[in-house]
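Okay, structure first, notes after.
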Amino acid sequence: QVQLVESGGGLVQAGGSLRLSCAASSGSIFSITGMGWYRQAPGKQRELVAGIITSGDASYADSVKGRFTISRDNVKNTVYLQMQSLKPEDTAVYYCYCNARERRPSVNTYWGQGTQVTVSS
């Protein structure tokens, strides 16, 4: 099974920035096809924030376009989310996800433990 460890969350004032990291690891050989983040605010459904796939193409929620940038380090099996010009509306628990193959050709989705991002006004 693939395990994901997230870091980088915290408290920041509006207009500030944070950088989230998510590192994937496994006891077996695995191949990542896509990684990114969902977020969930109190009383709201989980929503996709940003994702990056094998082609290198990245996608973003409309609400974060121009402010967030997702990138990856394939050697370290790590994905980063640079968040700038943060708004109070960005406050949520951010969950890293990883789509990966582990021995078998099928792709499974794995989830990180979540990291809290709080943006004060």
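The values are calculated or read from the model by the stated rules, or taken from the named source; none is laboratory data. Everything numeric in this text was worked out from a predicted model, so none of it was measured. Every residue, glycine among them, receives a Cβ derived from its backbone with ideal geometry; neighbour counts consider all protein chains shown. SASA here: full protein model, heavy atoms, side chains in, ligands and nucleic acids out. Shrake-Rupley method; radii C 1.70, N 1.55, O 1.52, S 1.80 Å.
Here L81 meets each of (1) of a type outside the set (D, E, K, R); (2) touching a Leu at 6+ places or on another chain (Cβ under 7 Å); (3) modelled with pLDDT under 95 with one exception, condition (3).
Output the residues belonging to the range 48-67 that are part of a strand (DSSP E or B) and small (G, A, S). Across the range 48-67, the qualifying residues are A50, G51, A58, S59. Condition first: closer than 21 Å to V93 by Cα and open to solvent by 80 Å² or more (accessible area, probe 1.4 Å). Now tell me which residues in the range 48-82 satisfy that. If the condition is that a residue be closer than 21 Å to V93 by Cα and open to solvent by 80 Å² or more (accessible area, probe 1.4 Å), then D62, K65, G66, R72 are the ones that fit. Could you go through the range 39-47 and let me know if any residue there is farther than 15 Å from L86 by Cα, part of a loop (DSSP other than H, G, I, E, B) and either touching a residue at least 60 places away in the same chain (Cβ under 8 Å) or in contact with a helix residue (DSSP H, G or I) (Cβ under 6 Å, 6 or more places away or on another chain) (or both). Scanning the range 39-47, I find no residue that is farther than 15 Å from L86 by Cα, part of a loop (DSSP other than H, G, I, E, B) and either touching a residue at least 60 places away in the same chain (Cβ under 8 Å) or in contact with a helix residue (DSSP H, G or I) (Cβ under 6 Å, 6 or more places away or on another chain) (or both), so the answer is no. Considering only residues in the range 8-24 that are part of a strand (DSSP E or B) and open to solvent by 60 Å² or more (accessible area, probe 1.4 Å), the one that is farthest from Y94 (Cα to Cα) turns out to be Q13.
Could you check the range 90-111 and list, in sequence order, the residues that are open to solvent by less than 10 Å² (accessible area, probe 1.4 Å) and closer than 19 Å to R72 by Cα? Across the range 90-111, the qualifying residues are Y94, C96, C98, A100.
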